[in-house]
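Student: Before we start, here is the structure in question, set down as structure tokens.
Any read-out appearing in this document is the output of simple, stated calculations on the displayed coordinates, not a laboratory observation. Every value quoted in this text rests on a predicted model; they were computed, and no experiment measured them. Quick reminder, even Gly has a Cβ in these numbers, built from the backbone with ideal geometry, and neighbours come from all protein chains shown.
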Amino acid sequence: MQWCSSPPGGDRLPFPYVTSFIRNTLLTHEPGRAAGHTIHPFFFFLQICIMLSFALTIVRHGETQYNRDKLLQGQGIDTPLSDTGHQQAAAAGQYLRDLHFTNVFVSNLQRAVQTAEIILGNNLHSSATEMILDPLLRERGFGVAEGRPKEHLKNMANAAGQACRDYTPPGGETLEQVKTRFKKFLRSLYQRMLEEHGSGDQCPASTSGPSEPEQPRIAGLANDGVQKVPVHALIVSHGAFIRVSVRHLVEDLQCCLPAGLKMSQVFSPCPNTGISRFIITLRREESGPRASHIQCVFINRKDHLDDVKL
């Protein structure tokens with residue numbers, strides 16, 4: 001059984017018991033009283049420590065020669081970055097250089113690994129941050145279409161009477177399978193973030209209870225949304241995977257979007273080293289961590305590519 005850290009003025013208590021107590025009593029009775037009994041100081045402590053907000057920045061890998069030639073790579077073709085891809089990754093690294101990434105998660109395909117290494121190599125605060133390679137972040141598998149022109153996939157989809165985005169070539173992953181991979185990654189990410197950063201040190205000084213995070217300030221800068229968010233995870237992944245992930249965050253998890261952001265932009269293809277950012281607030285529950293609030297800060301930003309020759 002998992003145990004909570006020692007509360008102010010009290011003994012340690014089993015976490016499942018605490019969350020059950022809060023759900024059944026603390027959150028449904030007057031402050032300071034529960035079922036006719038004085039609430040242990042620990043429950044007020046946990047009430048303000050039950051949430052953790054962190055930033056999640058998602059970057060697509062830099063260009064490969066296959067990208068330039070409009071050939072599908074998927075998972076079976078593991079190509080390195082092109083010269084342009086190296087420049088794009090360096091530009092992304094310079095753009096993000098002043099941010100501190102507490103956690104870094106990367107697809108284990110070399111185009112993503114190289115991009116992450118270049119980004120971290122340009123970063124002033126995160127060069128020593130451990131880079132965790134996770135196959136859950138791999139590109140969508142395109143089966144027999146891998147290595148072939150994208151136009152070939154469109155022709156296969158047309159022959160099957162389906163839209164190209166929804167079509168699954170023989171041996172490939174369905175969009176639902178890709179989403180399942182992302183959901184599995186999110187569960188492990190939430191657990192890790194709470195274990196590593198969900199200590200009492202993250203709790204606000206106020207005793208008024210947890211509240212939803214403030215709306216992020218968006219000024220077109222690299223640190224948009226993270227000025228007051230010390231915990232920050234970086235993901236480096238792939239175009240089709242990122243597109244499915246963003247759709248899950250927006251449609252299934254009801255992510256809040258910035259004012260004026262068009263849905264056509266939200267679901268548009270991510271360019272090489274395109275950058276998206278979300279602020280996720282986690283709530284500890286007896287069944288495990290859950291995202292109680294997700295705020296999109298921006299989608300597919302590519303300001304850093306203005307000076308890169310494509």
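Student: From the cross-link list Lys70/Lys302; Lys184/Lys228; Lys70/Lys309, which pairs have alpha carbons spaced over 23 Å apart? Walk me through the numbers on the way to the answer.
Tutor: Values: Lys70/Lys302 20 Å; Lys184/Lys228 28 Å; Lys70/Lys309 18 Å.
With Cα atoms farther than 23 Å apart: Lys184/Lys228.
Student: Using only the Cα atoms of the range 212-279, build the gyration tensor, take square roots of its eigenvalues as a ≥ b ≥ c, and label the shape rounded, prolate or oblate: rounded if a/c is under 1.5, else prolate if a/b is larger than b/c, else oblate. Write down the numbers at each step before the final one.
Tutor: Numbers: a/c = 1.56, a/b = 1.31, b/c = 1.19.
Prolate is the answer for the range 212-279, as a/c is 1.5 or above and a/b outweighs b/c.
Student: A further question follows. Please give the peptides 124-136, 182-194 ranked by average Cβ packing (other Cβ atoms within 10 Å per residue), highest first, as a rough proxy for protection.
Tutor: 182-194, 124-136
Student: Under 16 Å Cα-Cα from Lys179, which aspartates and glutamates qualify once same-chain neighbours fewer than 8 residues away are excluded?
Tutor: Output for Lys179: Asp134, Glu139, Asp166, Glu251, Asp252.
Student: Could you derive backbone 3J(HN,Hα) for the range 151-167 from the dihedral phi with the Karplus parameters 6.51, -1.76 and 1.60 (θ = phi - 60°), listing whole Hz in sequence and x where the residue is Gly or Pro?
Tutor: 4, 5, 5, 4, 5, 5, 5, 4, 5, 8, x, 10, 5, 4, 5, 8, 7
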